[in-house]
Amino acid sequence: MSLSVNTEVLWIDTPQGRLACSRWFPADNPGKPPIVLFHDSLGCVALWRDFPQQLCQASGREVIAYDRLGFGQSDAFPGALPSTFINDEAVNAFAHLKRVLQIDSFVALGHSVGGAMAAACASRYRQDCLALITIAAQAFVEERTLQGIRDAKVQFQNPEHMARLSKYHGDKAPWVLNAWTETWLAPTFADWTLERLVGAIDCPTLVLHGEHDEYGSTLHPQRIAQLANGPSECLILDGCYHVPHREAPEAVLAPVSRFLGAER
């Protein structure tokens, strides 16, 4: 029987602008630490679709998702995206969200580049992050990643693709696309690695990666799992590509629920 879920939409004020935030609560809230979601390079709360509600029901935990500055319903980003944007998310936006929502302990779950942001938060808030979960996250700049971005850049020359992006990001859509493509393709970003970004990750870590991920080989989940000082588990999801939580939700929800089943 599915748990009943309540929702809340709110705004988080930061010095850089307002963040749109959504929360999903189990009706019978057991008071477990919440799961905070970090979206991908073209993502936003709406593009998680029904995954947050499914995750709330499957885990019995509150789920929190927010649009990063420049994305979705949040305010525009002031200028170009800096190459330090992954760590900046942990230092700036997430710090404000954590304070405003009075989040003491939490579980960090990120998709794609959001996985790197979740790892940065797990490292920066080592005493508070009880578990880290990544889905299709990158750990370094790989040619496969760059080629996938180049291919996507060509596809977005089709007005229909930009129209779909504008549906979720409004007039910020061109900035969102450039923030992804031009940052990752820039020569100055070529030597980025997750190992250089984050320090120790002490919490249990679950790393999920699609077998056919078009933006990264299975070297990425292996390297992410190696960062963990605590217990780590790496699962390659059969038949999945870059968005397993939409392609095969149960293949993600089942291991996540099992992983969080131990009181974390």
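Readers should treat all values here as calculations from the given coordinates under stated rules, not as data from a laboratory. Because the structure is predicted, anything quoted here is derived from the model rather than measured. As a convention, Cβ positions derive from the backbone with ideal geometry for all residues, glycine included, and neighbour counts pool all protein chains shown.
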Check: Just the C-alpha atoms of the range 209-264: what Rg/Rh do they give, with Rh taken as the Kirkwood radius?
Finding: 0.99
Next item on the list: Just add up the charged neighbours of Leu19: K/R +1, D/E -1, any other residue whose Cβ is under 13 Å from the Cβ of Leu19.
Entry: +1
Item checked: Potential lengthening between Thr84 and Asp202 on full extension [0.36 nm per residue; Cα-Cα distance subtracted] -> 40.2 nm
Next item on the list: For n ≥ 4 DSSP H runs only, could you compute -39500 (n - 2.57) per run for the chain, divide by its residues and tell me the 222 nm figure to the nearest 500?
Entry: -11000 deg cm²/dmol
Item checked: Antiparallel DSSP beta bridges within the chain, percent to nearest 5 -> 40
Next item on the list: Could you go through the range 165-175 in sequence order and give the Karplus-derived ³J(HN,Hα) for each residue, using 6.51 cos²θ - 1.76 cosθ + 1.60 with θ = phi - 60°, rounded to whole Hz, and x for Gly and Pro?
Entry: 5, 5, 4, 9, 10, x, 6, 7, 3, x, 5
Notebook entry, point to check: Comparing Thr205, Thr84, Thr188, which has the greatest mean-square fluctuation in the GNM of the chain with Cα pairs linked when under 10 Å apart?
Noted result: Thr188
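Could you tell me whether the range 181-227 comes out rounded, prolate or oblate from its Cα gyration tensor? Rule is a ≥ b ≥ c as square roots of the eigenvalues, rounded for a/c under 1.5, then prolate if a/b exceeds b/c, otherwise oblate.
Numbers: a/c = 2.88, a/b = 1.26, b/c = 2.29.
Here the range 181-227 falls in the oblate category.
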Notebook entry, point to check: Cα centroid distance between the range 106-185 and the range 15-36, in Å?
Noted result: 21
Check: Can you give the percent of C-alpha pairs in the range 36-120 whose distance is more than 19 Å?
Finding: 35
Checklist line | Most to least packed among 52-60, 97-105, 238-246 [average Cβ atoms within 10 Å] | finding: 52-60, 238-246, 97-105
Check: So, in nm, how far is label Ala186 from label Ala27 when the simple model puts each one 7 Å beyond its Cα toward the Cβ?
Finding: 4.9
Checklist line | Potential extension, Thr14-Arg258 segment - 0.36 nm per residue separation minus Cα distance | finding: 84.3 nm
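Given the Cα-Cα distance of Glu250 and Gln102 and 0.36 nm per residue of separation, how much length would full extension add, in nm?
Details: separation 148, 0.36 × 148 = 53.28 nm, distance 3.07 nm.
So the chain would gain 50.2 nm between Glu250 and Gln102.
Determine the shape class of the range 161-264: with a ≥ b ≥ c the square roots of the Cα gyration tensor eigenvalues, call it rounded for a/c under 1.5, and otherwise prolate if a/b is greater than b/c, oblate otherwise. If you can, show how the numbers build up before the last one.
On the way: a/c = 2.03, a/b = 1.37, b/c = 1.48.
Judged from the Cα gyration tensor, the range 161-264 comes out oblate (a/c at least 1.5, b/c at or above a/b).
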Next item on the list: Could I have the simple spin-label model distance between Gln222 and Asn6, label points 7 Å from Cα toward Cβ, reported in nm to one decimal?
Entry: 4.7
Next item on the list: Could you work out, for the chain, what percent of all Cα-Cα pairs fall into each 5 Å distance bin, beginning at 0 Å and stopping at the bin that holds the largest distance?
Entry: 1, 6, 14, 19, 21, 19, 13, 6, 2, 0, 0
Item checked: Choice from Gln222, Gln157, Gln147 showing the highest fluctuation, given a GNM over the chain with Cα pairs closer than 10 Å -> Gln157
Margin query: Show me the three semi-axes of the equivalent ellipsoid for the range 1-144, from the C-alpha gyration tensor (sqrt of 5 times each eigenvalue), largest first, rounded to whole Å.
Written below: 23, 17, 15
